[in-house]
Amino acid sequence: MSAVRIDGKAFAAKVRAQVAEHVTRLKQDHGITPGLAVVLVGEDPASQVYVRSKGKQTVEVGMNSYEHKLEADTSESDLLALIDRLNNDPAVHGILVQLPLPGHLDEDLVINAIDPAKDVDGFHISNVGLLGTGQKSMVPCTPLGCLMMLRDHHGSLSGMDAVVIGRSNIVGKPMAQLLLGDSCTVTIAHSRTKDLPGAVRRADIVVAAVGRPQMVPGDWIKPGATVIDVGINRIDKPEGGTRLVGDVDFDSCAAVAGAITPVPGGVGPMTIACLLANTLTATCRANGVAEPEGLTA
Ligand code: NAD
């Protein structure tokens with residue numbers, strides 16, 4: 001391996017420490033404790049794990065965590081009534097509705113019912129529009145984490161060629177907007193892209209957010225490029241059991257790239273750290289307190 005391994009776990013710990021320090025100051029100087037409300041509908045096992053982990057880390061940085069666990073058959077009107085209560089609760093500065101929601105609930109309707117100022121996932125249509133027009137917004141956590149790691153590694157990203165593989169609303173599209181905001185020349189590739197290897201070979205920055213195990217091989221990577229692997233895929237091990245891999249083939253890509261994030265231990269830990277950073281940002285904005293440097297786009 002010749003590439004620098006970008007340690008998302010260590011970076012996330014640094015971000016959390018920075019958030020915790022600001023939370024202490026908010027409490028001491030302004031008597032404010034940031035509060036994050038997480039709403040989970042149903043019993044999806046992966047969502048339960050995420051929600052537990054979010055709650056634990058929220059408390060660890062000194063914030064208040066409010067968990068709302070609702071039955072899988074909760075009606076849309078009951079869920080909207082809860083969101084309305086949270087929107088109007090001054091102790092709640094951030095609201096996150098864990099996705100996916102059960103099929104009978106309209107995700108767009110639910111997300112757009114959240115007060116955009118408390119939308120710490122950055123999925124509300126107002127925040128999407130603000131990000132797209134280069135204005136101050138709440139930025140989706142996973143792409144924000146990727147941007148932080150890229151800025152940390154490169155300093156300025158200005159003028160770099162970037163390819164984002166995947167065009168989801170959660171990762172691909174906001175990632176492309178953020179890279180554009182940092183003056184990269186951005187290509188968004190997806191399942192219908194004609195020459196994916198060609199697009200990747202031109203890129204100084206490759207962000208893979210596809211959900212296909214190890215689909216990007218090392219011979220697609222431009223020598224010295226930075227590879228950010230968002231994918232989280234569970235595959236069978238030949239000797240039995242399973243393991244997590246990303247969307248890029250780590251060993252062959254690491255032999256060519258200049259820097260690369262591993263899976264696990266890369267983008268994943270940054271996502272929750274950025275959720276905490278967004279909750280802090282939302283609290284500062286709601287109270288007219290200066291926002292911490294380096295924790296937003
Ligand atoms: P998604 O399924 O919504 O989108 C996948 C995208 O990949 C689509 O836009 C599709 O066009 C594209 N795609 C599919 N097949 C392709 C192909 N053969 N070639 C090129 N593009 C192709 O997924 P998502 O929510 O954006 O998540 C992507 C991956 O990132 C998943 O593995 C997910 O688990 C992971 N993820 C990780 C985190 C994290 O915190 N690390 C957060 C969100 C998502």
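The values are calculated or read from the model by the stated rules, or taken from the named source; none is laboratory data. This one's a predicted model, so the numbers in the text were calculated from it and none came from an experiment. Heads up, the Cβs are rebuilt from the backbone with ideal geometry, glycines too, and the neighbour counts pull from every protein chain shown. The area values use the complete protein model at the heavy-atom level, side chains included, leaving out ligands, DNA and RNA. Shrake-Rupley method; radii C 1.70, N 1.55, O 1.52, S 1.80 Å.
When 71, 76 are checked against the criterion of being touching a strand residue (DSSP E or B) at 6+ places or on another chain (Cβ under 9 Å) and of a type in the set (D, E, K, R), a single residue qualifies: 71. Taking segment 193-214 as the range and being free of Cβ contacts under 8 Å to residues at least 40 places away in the same chain and open to solvent by less than 60 Å² (accessible area, probe 1.4 Å) as the test, the residues that pass are 193, 196, 197, 198, 199, 200.
Taking the conditions (1) open to solvent by 40 Å² or more (accessible area, probe 1.4 Å); (2) within 16 Å of the ligand (Cβ to nearest atom); (3) touching a strand residue (DSSP E or B) at 6+ places or on another chain (Cβ under 6 Å) in turn, residue 153 satisfies each one other than (2). Taken over segment 50-75, the criterion of being exposed (fewer than 15 other Cβ atoms within 10 Å of the Cβ), part of a loop (DSSP other than H, G, I, E, B) and aliphatic (A, V, I, L, M) is satisfied by 72 alone. Scanning segment 63-91 for residues that are under 28 Å from residue 21 (Cβ atoms) and touching an Asp or Glu at 6+ places or on another chain (Cβ under 9 Å) yields a count of 2.
The single condition among (1) within 11 Å of the ligand (Cβ to nearest atom); (2) under 19 Å from the mean Cα position of the chain (by Cα) that residue 192 does not meet is (2). In the condition set (1) within 13 Å of the ligand (Cβ to nearest atom); (2) open to solvent by less than 50 Å² (accessible area, probe 1.4 Å); (3) farther than 19 Å from residue 294 by Cβ; (4) part of a helix (DSSP H, G or I), residue 121 is compliant with all but (4).
Can you pull out every residue in segment 259-288 that is open to solvent by 30 Å² or more (accessible area, probe 1.4 Å), touching a residue at least 24 places away in the same chain (Cβ under 8 Å) and not polar (S, T, N, Q)? 263, 264, 268, 269, 285, 286, listed by residue number. Within the bounds of segment 1-14, is there any residue that is at pLDDT 95 or above, touching a strand residue (DSSP E or B) at 6+ places or on another chain (Cβ under 8 Å) and crowded, with 16+ Cβ neighbours inside 10 Å? The answer is yes; a qualifying residue exists.
Would you check which residues across segment 250-275 are away from the ligand (no atom under 14 Å from the Cβ) and of a type outside the set (A, V, I, L, M, F, W, C) and list them?
Pass one, segment 250-275, residues away from the ligand (no atom under 14 Å from the Cβ): 250-260.
Selection gives 251, 252, 258.
Table: residues versus (1) over 30 Å from residue 257 (Cα atoms); (2) free of Cβ contacts under 8 Å to residues at least 12 places away in the same chain.
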{"position": "5", "(1), (2)": "no, no"}
{"position": "10", "(1), (2)": "no, yes"}
{"position": "46", "(1), (2)": "yes, yes"}
{"position": "49", "(1), (2)": "yes, yes"}
{"position": "66", "(1), (2)": "yes, no"}
{"position": "86", "(1), (2)": "yes, no"}
{"position": "93", "(1), (2)": "yes, no"}
{"position": "101", "(1), (2)": "yes, no"}
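Restricting attention to segment 78-108, the residues that are within 24 Å of the chain's Cα centre (by Cα), open to solvent by 80 Å² or more (accessible area, probe 1.4 Å) and over 21 Å from residue 271 (Cα atoms) total 2. All conditions in (1) under 24 Å from residue 152 (Cβ atoms); (2) in a helix (DSSP H, G or I); (3) out of contact with any helix residue (DSSP H, G or I) (no Cβ under 6 Å at 6 or more places or on another chain); (4) of a type outside the set (Phe, Trp, Tyr) hold for residue 200, with the sole exception of (3). Residue check: residue 43 meets all listed conditions (1) open to solvent by 50 Å² or more (accessible area, probe 1.4 Å); (2) part of a loop (DSSP other than H, G, I, E, B); (3) within 22 Å of residue 288 (Cα to Cα) but one, namely (3).
Can you tell me which residues in segment 213-243 are within 11 Å of the ligand (Cβ to nearest atom) and within 18 Å of the chain's Cα centre (by Cα)? Residues satisfying the conditions are 228, 229, 230, 231, 232, 233.
Tallying residues that are among the basic types (Lys, Arg) and buried (at least 17 other Cβ atoms within 10 Å of the Cβ) within segment 172-192 yields 1. Condition check: open to solvent by 10 Å² or more (accessible area, probe 1.4 Å), among the aliphatic types (A, V, I, L, M) and farther than 28 Å from residue 57 by Cβ. Does residue 256 satisfy that? It is true that residue 256 is open to solvent by 10 Å² or more (accessible area, probe 1.4 Å), among the aliphatic types (A, V, I, L, M) and farther than 28 Å from residue 57 by Cβ.
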